[in-house]
Every structure is written in C-alpha cells, then in structure tokens.
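Read the structure below first, then the notes.
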C-alpha cells in the first residue's frame, strides 16, 4: 500500500498491465476506484461515500470519452449509456439478460428502443412454489413488460414458463432449455460402472437438502455395504461444515465423500450407478441432464422445475414425492437391490437425452425468434 495525500492506494494488474487502482481513506474505507485504458490513462472513475455503517456507497461514475468527462449518477445509468450506444450502432440489436440485478434497472433508463428479453435460470419465488413470495429482484418485471421496458421472458422449462406467464400477466413467456447434450458421447457398458456408487452433483447449499441424501445413504449402507455416496460441488461457509459434521456423526466418512468442484464430470457420470437430486427447487436441474447424457439414471424429488421434464418415471429414472426421505430410501433400496433395473434405466437415459439435442434446442430458439418477429 502506498500513502499519498492522506489516501492509501492499491494497484491491480491484468496480464501485466495496470487495470485499475483503489484509493482508501485513513479508516480503510474505499473512496475511489479508477480504471485505465490501454495507454495507462484514467478512463473510468467511481466515487464512493460512507454510509451510516461506514460502508462505501457508490454515488458518482465518470467516463472519459474523447478527452471529456461524462457523469453518471450510478451504475444503472452508466450501463444504460453503453446499451444505448450498442443500439445506436446496430438498429437490429436484440438484448438478452440473465442477470436481472445488473440489467433491469439499466433497461428502464435506456433512451433507445430495442427488444429486451429476461432469461430466468432459477426459481421465481423464494421457495420455488407457485404461492411463494416473488424474489425482490423480479418484483418489477410485470410492470416492465406492461411499460415496454421488457419485451418478453424466457424460462428453461415449460412449467416455469407457464408460471411466469401467470405471475407477470403476459402472453410472451417462452420455454427454451438452458443447454443441450453433446453429440460425441459414447455409451458406457453398465458392467464397467462402479457397483453401488451414488453421486449428488450440487452446490453444498441448504436449498439442495443434501442431508436427506446423507441420511438415506447411511441407512442404505447397512443393507448394501459396498455403497458409496460422493458429492461434487462448491460448498458455502455455513452448509458444508454442517454436512460434514452430519457424516462424522453417522460414522460414515469411509463411504460418504466430498469430491469438491470438478470442471469436467465425464468420468464421474460414466462410473456412477445412480444420481440423487434432493433440492427444494431448481431452475432447470442441469446436473440431471448431464447425468442422462452419460447414461447415469437419477432418483429425484418432484420439484419445480426440471426433473419431471428430464426424467420419465420408471423409464430413465425415478421421481418421488418432494422432501419424502422415506420414499428416497425405499426407492434407492429397490434399485440397488435390482441392478438390472438400473441397467435398463441407463440404456433408456442414453435414448431420452435426444430430447435435448442441439437440433431440438436450436429449433426452440428458431420458433421463439419467429414468434417474436425477430426473423
């Protein structure tokens, strides 16, 4: 840290080039963040003041444009300016946003007109249910649709698209899968998979209810001593320690494991017998589709949204009552006791993944673009 004019500063570099600097007052509160252009000259200045609890609050953004400084009252106005510039440069521009916290306020402040679409990747309500409270960030979407700040909304599943249509009172709500399966995945022989291996691919977060899977696995292990359960995903500071404490309490450390986050789960899916999904809600349940494309059947709670559009019950997996730990244990026990049933589900999973082929997802986008008269 360097001290100059009663301010402390810190410089940050990207690929060896000075990217931005931060300036702090004597009490350590951020007062200025300064970004540089390729020649090292100040390009963007962000000014902060203290709040009641002495936290930095952004109150002014300045942009150096052709040697002149332009002022903005905040990030929303700053972002709106750049979005307007994009519209000016391309009269056919269409804007898609999947980060409502970054974009919705900016859309309201734009001066140029172009189609705006909000893409949802999670549940719309705090509990994932139709009668739940709408997340605060989404509460103004209905008015934005009525006032023309948003053109329509896009969800990952049919069920959520219907929910959004009712929730925001719009006829312009579409369902387009958030991803597609790869073409070059070769089926793996069931005999080559690790017997009695269960996986759960999810953030170690309270909403995932992974303690349900832990208790089921501990009980199953008494009947199926070869059983293992491995979690793959980031953990938060509160939930991960609780889950590990539960495993320790159940004396299950030898067979309930935490594999952390992996960028490529191909080998994991190819070796597992079953995947378990115990979430309270999902936006799409991408881990289920990833498992399906690798022939790994799943046992999942029937929740909003995703599982009942990816899993066909008793064909490529099992759907059970949400939150029912007894049903979770009984279903896993049944399948683990009948490996031939799991093998059949695995073969069917390879077949049913075609529902999410590149061509099918591309057609969904094409139909959307036609209905919205974009093409």
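Laid out as a table, the results:
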{"quantity": "Residues located in the stretch 123-139, provided they are in a loop (DSSP other than H, G, I, E, B) and either over 19 Å from residue 172 (Cα atoms) or over 21 Å from the mean Cα position of the chain (by Cα) (or both)", "calculated": "126, 127, 128, 129, 131, 132, 133, 135"}
{"quantity": "Helices (runs of 4 or more DSSP H) completely within the stretch 280-370 that count 1 or more residues being more than 26 Å from the chain's Cα centre (by Cα), buried (at least 23 other Cβ atoms within 10 Å of the Cβ) and touching a residue at least 12 places away in the same chain (Cβ under 8 Å)", "calculated": "325-337, 339-352"}
{"quantity": "Test: residue 213 is assigned to a helix (DSSP H, G or I) and either under 16 Å from residue 291 (Cβ atoms) or at pLDDT below 95 (or both)", "calculated": "yes"}
{"quantity": "Residue within the stretch 301-317 that is closer than 20 Å to residue 224 by Cβ and at pLDDT 95 or above present", "calculated": "yes"}
{"quantity": "Odd one out for residue 83 among (1) closer than 30 Å to residue 373 by Cβ; (2) at pLDDT below 95", "calculated": "(2)"}
{"quantity": "Some residue of the stretch 242-262 being in a loop (DSSP other than H, G, I, E, B), more than 24 Å from residue 326 (Cβ to Cβ) and modelled with pLDDT of 95 or more", "calculated": "yes"}
{"quantity": "Given (1) in a loop (DSSP other than H, G, I, E, B); (2) touching a residue at least 24 places away in the same chain (Cβ under 8 Å); (3) within 28 Å of residue 170 (Cβ to Cβ), index of the condition residue 54 fails", "calculated": "(3)"}
{"quantity": "Verdict on residue 231 being in the same structural domain as residue 332 (by TED's automatic domain parsing), under 19 Å from the mean Cα position of the chain (by Cα) and not in a loop (DSSP other than H, G, I, E, B)", "calculated": "yes"}
{"quantity": "Identity of the residue in the stretch 127-162, under 14 Å from residue 284 (Cα atoms), in contact (Cβ under 8 Å) with a residue 40 or more places away in the chain and touching a strand residue (DSSP E or B) at 6+ places or on another chain (Cβ under 9 Å), that ends up surrounded by the fewest Cβ atoms within 10 Å (Cβ to Cβ)", "calculated": "158"}
{"quantity": "Condition met for residue 106 (under 24 Å from residue 72 (Cβ atoms) and either buried (at least 19 other Cβ atoms within 10 Å of the Cβ) or within 21 Å of the chain's Cα centre (by Cα) (or both))", "calculated": "yes"}
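The values are calculated or read from the model by the stated rules, or taken from the named source; none is laboratory data. Please read these numbers as outputs of a predicted model, since none were measured by experiment. Don't worry about glycine lacking a Cβ; one is built from the backbone with ideal geometry, like all the others, and counts go over all protein chains shown.
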